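Shown next, in structure tokens, is the structure this report addresses.
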Amino acid sequence: MLRRWRGRRKAVRYLDLLALAVGVRGWRCVKLYGREFPTPLLWVYASGVAEDVGVVVRARVVGGTWVYQDVRRGRVLFPCGDAKAAGERVDSVLKGRLFPATW
């Protein structure tokens, strides 16, 4: 149980860093860290007109390494060690969804 709690705290810490990185780029975030969520999640979405465009991200261990993962598509977005680069990756994913013809 203690190991699971430490893993949850670490995931929340990584998601908080990602929230700061994408917030600087103008994206909005909703932190879904409560006890009602078995896994801490971060919903990153566009502010303004296109609020239905977003990505839900979780931090998890894959092959012994902490990574950010797109929950819906199941793909790894970026390793957790570099929140700024991960924020850039999330930014490009969301821009691709907002402007599919130009991105």
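Here, each number is a calculation from the coordinates, and none is a lab measurement. Nothing here was measured: the structure is a model prediction, and the numbers come from that model. Glycine also receives a Cβ, built like all others from the backbone with ideal geometry; neighbour counts cover every protein chain displayed.
Which entry in (i) 1.05; (ii) 0.95; (iii) 1.24 matches Cα Rg over 2.2 N^0.38 Å derived from the coordinates of this structure? Of the listed options (i) 1.05; (ii) 0.95; (iii) 1.24, (i) comes from this structure.
Here the simple spin-label model places points 7 Å from the Cα toward Cβ, and for Arg8 and Lys95 these points are separated by 3.7 nm. One Cα centroid belongs to the stretch 11-28, the other to the stretch 33-66; the line between them spans 10 Å. Listed from fewest to most Cβ neighbours within 10 Å, the set Ser92, Ser47 follows the order Ser47, Ser92. Against the main long axis of the alpha-carbon atoms of the chain, helix 83-98 sits at an angle near 40°. For the stretch 17-101, GluC sites (Glu not before Pro) are listed when DSSP marks them as loop and at most 14 other Cβ atoms sit within 10 Å of their Cβ; the list is Glu36, Glu51. Near Lys84, once Lys and Arg are set to +1 and Asp and Glu to -1 for all other residues with Cβ below 12 Å from its Cβ, the sum equals -1.
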